[in-house]
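First comes the structure, then the notes that go with it.
The values are calculated or read from the model by the stated rules, or taken from the named source; none is laboratory data. A quick note: this is a predicted structure, and the numbers were derived from the prediction, not measured. Positions of Cβ are generated from backbone atoms using ideal geometry, with glycine treated the same way; all protein chains shown enter the neighbour counts. The protein model used for the area step is the full one, side chains on, heavy atoms only, and it has no ligands, DNA or RNA in it. Shrake-Rupley method; radii C 1.70, N 1.55, O 1.52, S 1.80 Å.
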Amino acid sequence: MQVTDLLTWITQGSLLLITVLTFLDFFRHRDRSRLDIALMFGALGALVLLQGITRGTGVYSRWLRTAGALLFLAHPVLLLRLVQHFRPVPQTVRRLALGGMLASWGILIALDAPYPVPLTLLIVAYFVYVEGYAALAFMRDGLRTGGVTSWRLLLAAAGSGLLALVILLAGVNAAVPAGTGITTPISQLLALLAMLSYYAGFVPPRWLHQTWQLSELQRFLREMAGRSAAERATTTLDHLCRAGTRAVGGLAAVVALWDETEQQLRIRASSNPRALSGALTGSDGVVQRAWRERQPLLARTPADFGPADAALAASVGAGALIVVPLVTVERAWGLLIVCHRRAPLFVEDDIQLLALFAEQSASTLAYAALLSEQQHLVAQLQQRSAQLEAANKELESFSYSVSHDLRAPLRSIDGFSQALLEDYGETLDAPGRHYLQRVRAATQRMAQLIDDLLSLARVTRSELHREAVDLSMLARSITAELQQREPQRQVECAIVEGVVAQGDRRLLQVVLENLLGNAWKFTGVHPCAHIEFGALTHEDQVAYFVRDDGAGFDMAYAGKLFGAFQRLHAMTEFAGNGIGLATVQRVIHRHGGRIWAEGAVEQGATFYFTL
Amino acid sequence: MGNKIILLVEDNPDDEALTLRAFAKSHISNEVVVAHDGGEAVEYLFGTGTYAGRDVRVQPQIVLLDLKLPKLDGLDVLRRVRADERTQFLPVVILTSSKEEQDLIQSYRLGANSYIRKPVDFLQFTESVRQLGLYWLVLNEAAPGIGSG
């Protein structure tokens, strides 16, 4: 088989295949543009089909052949119908085309092959003229528009151009038979390329289609990249309008966002200053329906417009609208509305691409909303912090004046009571002197109370500086001091070495002073006391403890241990005002730890704490 | 103890009475000059105002200074005392009820010699005063030019 035959087979085979595909496509989505495409291919394919039938069945019928040729010659007019989708075709051109087609038909019907050269040239001229016109129209529109549509139109233009070239060569063959040897293979090749171009242009395969879309998406994303989040938030809508218009070859695009307070859609961005602005009202029309259903919709003709749609379309001179919702999973933000002069030929592609863009922009909007909420929260937090700081400062100055001013009268009370006792004690009887003693004792207690309260307050407001603190060393120094103050007491201190914890040194000192001081105090009755300090593991955590074998406490009252001013012993048994443990608890809690105690009456007590 | 003068700067009359009583109880018989506010203290030390004409070469052996004073604050008095050549080495003992760290730090920073917190317990206070007296009036060697000899 010669190369030319092979080429012929391939060309014709692919043409038939494409024809079948386009018809299938039409049956799947029944719309005008698909029908036109199918018919256009059908015209080309019919010739091949009929030729095949003739060859196959051996039935040579002039009428069959003629029919095929007639259908083939109808192709340019059908192609013109497709061009009509993009731009109005002038009356003259249409008339010329139709006339040419009818003339060609006349020639074919009336006469027989081979045809006289001038008539052949007439047919060729008609074909080439119309195909050429279509090719130019496609090319012009393809260059003007953008995105996937542009590619497809340019391929369609290429296909038409190549087909015109093929027919031109056939005409040349007819006029100059001598050159058949060279031109025929070239024609075959060109025909094949034309088929492929038409195929890729009108019914592109999935992968090709997705590749184009991907490059558009990349372009869209690239323009947004490299900008700060805040910048992206403010510019995303304008960018969406411009990119949307460009990518699908529309006239203009607007973005309408849902306004919660007004409960309606408001136009927030547009690619054309002439476009409608303000609110989109009304319950009818494609825009409102798309918003309600959260689905992309197309208004093919002005007949499908609602009142709001019509207003928008009129402002830019559009005859068709594509509406794509901007949604994220959590929330629906608004709509992207792209205006076209007339319904695009390859509208599914457009909608798919716009949906991708819309999704990106919706994400950006969601992110911007998140950012602004975060800023709001941060501002709130700062305000609260400032308030807290102010309150703390007030408290500090209050404590300061308390520490100073409350003591002075106390000192006077105590001082003059004592002065009374010393200077006029003889004039008083025993109960009288006793009263004065009680006055003095009370003032001492009050002074201690003030100190403890101040200590408690200071613990709460002071800052926590965490560092490694050697608790063992602290415990040892505290017990040493206690011993020094009361050298007559016999106390055995068992302090585990090397216990180190992470916490605020001063506050931990307060804790140990209180706990060890308590242990010291409550073992005061026993002639020989034992106090322990150490650490153990409790529920996967390190717990520190202070144990003594002193007076202990009833476990039934364990809950009251750490309450401020709570005492489990009478004043006469042990001194103290009940603040110590409350302070300790506050320190431990500030470190994020726990404190608890175990004990039994007259059998000692153990205080555990974690940090 | 001779005629070493004690300057007591105290605005609270109760505290003043109790302190003087404490001196008496401790057998401190030195002359005690009482200034009732910061301004008065400065006037005494530099011989101005109400104390104009006083022989400024005769300075107290020890100044017991309260912090919270009307008009001129205790720390301001300290500042003035340390700033003047005639009084820069004058022993100043801050005698106050405040235990606030900031007061402590400021006092030492401005050059106080000692900081004693007035206890509420009068007996304790008397004991503190006795020890004060013993130390500053008897044991301590003042800088030359201070006091009358």
Cut-off 18 Å, label point 7 angstrom out along Cα-to-Cβ of A:H530: give me the residues of region A:585-611 whose amide nitrogen falls inside. A:598-608
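Looking at region A:1-104, which chymotrypsin sites (Phe, Trp or Tyr not before Pro) are DSSP coil and have at most 10 other C-beta atoms within 10 Å of their C-beta?
A:Y60
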Exposed trypsin sites (Lys or Arg not before Pro) absent: longest stretch of chain A, with sites in DSSP loops and at most 12 other Cβ within 10 Å deemed exposed: A:332-611
Mean residue ellipticity at 222 nm from the helices of chain A, using -39,500 (n - 2.57) per DSSP H segment of n ≥ 4 over the full residue count, to the nearest 500 deg cm²/dmol? -22000 deg cm²/dmol
Rounded to whole Hz, the Karplus (6.51, -1.76, 1.60) HN-Hα couplings of region A:405-416, x for glycine and proline: 6, 6, 6, 4, x, 4, 5, 5, 4, 5, x, 6
The percentage of the accessible area of the protein assembly as shown (probe 1.4 Å, all protein chains present) made up of carbon and sulfur atoms, to the nearest whole number, is 59
Just reorder A:T427, A:T145 by solvent-accessible area, largest first, 1.4 Å probe, all chains present. A:T427, A:T145
Among the residues of region A:364-411, which ones have their accessible area go down by 50 Å² or more when all the protein chains sit together, as opposed to their chain alone (1.4 Å probe)? A:Y400, A:H404, A:R407, A:R411
Solvent-accessible surface (1.4 angstrom probe) belonging to A:H530, in square angstrom, nearest 10: 80
Taking H as built 1.01 Å from N, whose amide H comes closer than 5 Å to the amide H of A:H591, not counting residues under 5 places away? none
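Need one number: % antiparallel among DSSP beta bridges in chain A, to the nearest 5.
90
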What relative contact order, as a whole-number percentage, does region A:459-555 give when Cα pairs under 8 Å and 6 or more residues apart are counted? 29
Could you pull out which residues in region B:55-72 have an amide N less than 20 Å from a spot 7 Å beyond the Cα of B:R86, following the Cα-Cβ vector? B:55-65, B:72
Check: the protein assembly as shown dipole with +1 on Lys, Arg Cβ and -1 on Asp, Glu Cβ, in debye: 4820
For region B:1-110, state which trypsin sites (Lys or Arg not before Pro) are in a DSSP loop and have at most 12 other beta carbons lying within 10 Å of their beta carbon. B:R57
Chain A: relative contact order in percent, alpha carbon pairs under 8 Å with at least 6 residues between: 7
What's the longest uninterrupted piece of chain A once you rule out the GluC sites (Glu not before Pro) that are loop residues per DSSP with at most 11 other Cβ within 10 Å? A:1-259
Each residue of region B:105-119 in turn: what ³J(HN,Hα) in whole Hz from Karplus with 6.51, -1.76, 1.60 and θ = phi - 60°, glycine and Pro shown as x? 4, 4, 4, 5, 4, 7, x, 6, 7, 7, 9, 10, 8, 5, x
Give me the distance in nm between label points sitting 7 Å out from Cα along the Cα-to-Cβ direction at A:Y129 and A:A332, one decimal. 5.3
Within 10 Å of the Cβ of an average residue in B:119-131, the count of other chain Cβ atoms is 5
In sequence order, calculated HN-Hα J values of region A:599-607 (Karplus, 6.51, -1.76, 1.60; Hz; x Gly/Pro): x, 8, 4, 6, 10, x, 9, 10, 10
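For region A:166-251, with every protein chain kept in place, what is the accessible area per residue (1.4 Å probe, Å²)?
Using a 1.4 Å probe on heavy atoms only, each residue of region A:166-251 averages 48 Å².
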In degrees rounded to 10, the 0-90 angle between helix A:206-224 Cα long axis and the longest Cα principal axis of chain A is 50
Which lysines, on any chain, are close to B:K99 with Cα under 27 Å apart, when same-chain ones fewer than 8 places away are left out? A:K393, A:K521, B:K25, B:K68, B:K71, B:K118
Ignoring solvent entirely, what values of log10 I(q)/I(0) come out of the Debye formula for the protein assembly as shown at 0.08, 0.10 Å⁻¹ when each Cα is a single scatterer? -0.82, -1.06
Going by Cα centres, region A:273-337 and region A:86-130 are how many Å apart? 44
Can you list residues from other chains, or at least 5 along the same chain, whose modelled amide H is less than 5 Å from the amide H of A:G249? A:G146
